[in-house]
Amino acid sequence: MKEFGHEVDLTTVCDAITYGYTASATDEDTGVKFLRITDIVPDRINWETVPFCPINEKDVEKYQLNIGDIVVARTGATTGWNKTIKHLNHKAVYASFLIKYSVDRSIADPNYVGYNLQSSNWYDYVEAIAGGSAQPGANAKQLGSFKFLLPPLPEQKAIASVLSSLDDKIDLLHRQNKTLEAMAETLFRQWFIEEAKEDWKDGVLADIATNVRVNATTEAIQEDDIYIGLEHIERRNIALSQYGYGSDVSSNKSRFKKYDILFGKLRPYFHKVCITPFEGICSTDILVLRAKETVWTAFTLFAFFQDSVVEYANLASGGTRMPRADWGSLSQYPIAIPPIELVQQFNDLVIPSIEKIHANLKQIQTLENLRDTLLPKLMSGEVRVQYQTEEVA
């Protein structure tokens, strides 16, 4: 097989490199999404949570994102973090702390270039040029000097296709999880809020759940214990897809069991609620909650998932430096206690969905591991893919 490609730098394969738009994000629908560093840090861009911005048509044309554009963070601890734009449901522009690299498609495939920017070689390079200062950062010229191997265009597309097929499967499973979650939340709201009966008993969260306080001392923590911090719990997402290990922990933590509910108890993190698919340890900035009876598990989860509980936690939180919720106040959030038969029916319908979500997460992890193993081998030419040479018209 032929030698694998020739060395180029990022600037060479781009026909435009531009800095982003300066504006304030808004939740008001202006018709134009405003992509920020915050939005490209997670594994996937969630366009539903990307805010909007006020912008005129001339600036939209100047800063508009298109499929295949690569956006790279240029400042802060996330310098070098990047995403290739693969999906767009709205007009979108990018913020000023991002740099957009528009690939010249006559010589390079945007997805192939984007996958090179997901490699360890890229992040090692960024660390070398930006990691030594108190406030990391890099400019377009510095980032554009990153070098990588560029095989013929058909082979680039074949490589990108292999990796994209894995990412597409991962994305499909994530979307399936969001659908399952949304269906369960909709059912909860319909049955227990919109159709709540006046003769249901008045109660509080403490009637159905308890705060589990099992301390895990530093000495008792094992290196392979699964560890959950606030950074591992996504906002408005009950699926727990990220975690660390006990080897990363340097202080006492709390223990949790499978199907316990984790609730971020610091004010900025009250939207962070998830259900655990395994047992492990977590930060003491997280409340570990457990249904008093198994039949209440699904009900308890979605009770804590309501915006009204977050608002209640905000009002009840105390402390001046970092306000936090305590179980003593949170447990008194008022709820209507439905008939146990209805609760059982809800649990029977929702728990299989939660188990499916957890099964999907395991499959996602397997696919991500495969992708991450293949990526450096494909980019170096250690593993080659078959491709057809494009005919010249």
Failed condition for Thr84, given (1) open to solvent by 30 Å² or more (accessible area, probe 1.4 Å); (2) hydroxyl-bearing (Ser, Thr, Tyr); (3) within 21 Å of the chain's Cα centre (by Cα), with all others met? (1)
Going residue by residue through the range 87-104, is there one that turns out to be open to solvent by 30 Å² or more (accessible area, probe 1.4 Å), at pLDDT 95 or above and either among the aliphatic types (A, V, I, L, M) or in contact with a Gly (Cβ under 8 Å, 6 or more places away or on another chain) (or both)? yes
How many residues are farther than 19 Å from Ala359 by Cα, touching a strand residue (DSSP E or B) at 6+ places or on another chain (Cβ under 8 Å), free of Cβ contacts under 8 Å to residues at least 60 places away in the same chain and open to solvent by 30 Å² or more (accessible area, probe 1.4 Å) when one looks only at the range 259-287? 4
Among strands (runs of 3 or more DSSP E) entirely inside the range 53-106, those with 1 or more residues being of a type in the set (Gly, Ala, Ser) and either within 29 Å of Leu166 (Cβ to Cβ) or without any contact (Cβ under 8 Å) to a residue 40 or more places away in the chain (or both) are 70-73, 91-94, 98-103
The conditions are (1) touching a strand residue (DSSP E or B) at 6+ places or on another chain (Cβ under 8 Å); (2) at pLDDT below 90; (3) not in a loop (DSSP other than H, G, I, E, B), and Glu231 fails exactly one of them. Which is it? (1)
Of the residues in the range 291-320, how many are buried (at least 17 other Cβ atoms within 10 Å of the Cβ), within 28 Å of Asn252 (Cα to Cα) and modelled with pLDDT of 90 or more? 4
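If you scan the range 24-49, which residues turn out to be of a type outside the set (Lys, Arg), assigned to a loop (DSSP other than H, G, I, E, B) and either within 22 Å of Arg74 (Cα to Cα) or in contact (Cβ under 8 Å) with a residue 60 or more places away in the chain (or both)? Don't jump to the end; show me each part of the working.
So the first thing to find is which residues in the range 24-49 are of a type outside the set (Lys, Arg), and the list is 24-32, 34-35, 37-43, 45-49.
Narrowing further to those that are assigned to a loop (DSSP other than H, G, I, E, B): 24-25, 27-31, 41-43, 45-49.
Ser24, Ala25, Gly31, Val41, Pro42, Asp43, Ile45, Asn46, Trp47, Thr49 - these are the residues of the range 24-49 that are of a type outside the set (Lys, Arg), assigned to a loop (DSSP other than H, G, I, E, B) and either within 22 Å of Arg74 (Cα to Cα) or in contact (Cβ under 8 Å) with a residue 60 or more places away in the chain (or both).
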Quick check on the range 242-258. Is at least one of its residues more than 16 Å from Asp224 (Cα to Cα), assigned to a loop (DSSP other than H, G, I, E, B), in contact with a strand residue (DSSP E or B) (Cβ under 8 Å, 6 or more places away or on another chain) and charged (D, E, K, R)? no
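Every residue, every condition in (1) open to solvent by 10 Å² or more (accessible area, probe 1.4 Å); (2) at pLDDT 95 or above; (3) over 17 Å from the mean Cα position of the chain (by Cα), yes or no:
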position: Asp29; (1), (2), (3): yes, yes, yes
position: Arg36; (1), (2), (3): yes, yes, no
position: Thr49; (1), (2), (3): yes, no, no
position: Cys53; (1), (2), (3): no, yes, yes
position: Asn56; (1), (2), (3): yes, yes, yes
position: Asn111; (1), (2), (3): yes, yes, yes
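To keep it simple, each residue is scored yes or no on (1) open to solvent by less than 20 Å² (accessible area, probe 1.4 Å); (2) under 24 Å from the mean Cα position of the chain (by Cα).
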{"residue": "Gln332", "(1), (2)": "no, no"}
{"residue": "Ile335", "(1), (2)": "no, no"}
{"residue": "Gln345", "(1), (2)": "no, no"}
{"residue": "Ser353", "(1), (2)": "no, yes"}
{"residue": "Asn360", "(1), (2)": "yes, yes"}
{"residue": "Arg371", "(1), (2)": "no, yes"}
{"residue": "Met379", "(1), (2)": "yes, no"}
{"residue": "Val383", "(1), (2)": "no, no"}
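The values are calculated or read from the model by the stated rules, or taken from the named source; none is laboratory data. Just so we're clear, the structure is a prediction, and the values are computed from it rather than from any experiment. Don't worry about glycine lacking a Cβ; one is built from the backbone with ideal geometry, like all the others, and counts go over all protein chains shown. Each accessible area value is taken on the protein alone, full model and side chains, heavy atoms only, with ligands, DNA and RNA left out. Shrake-Rupley method; radii C 1.70, N 1.55, O 1.52, S 1.80 Å.
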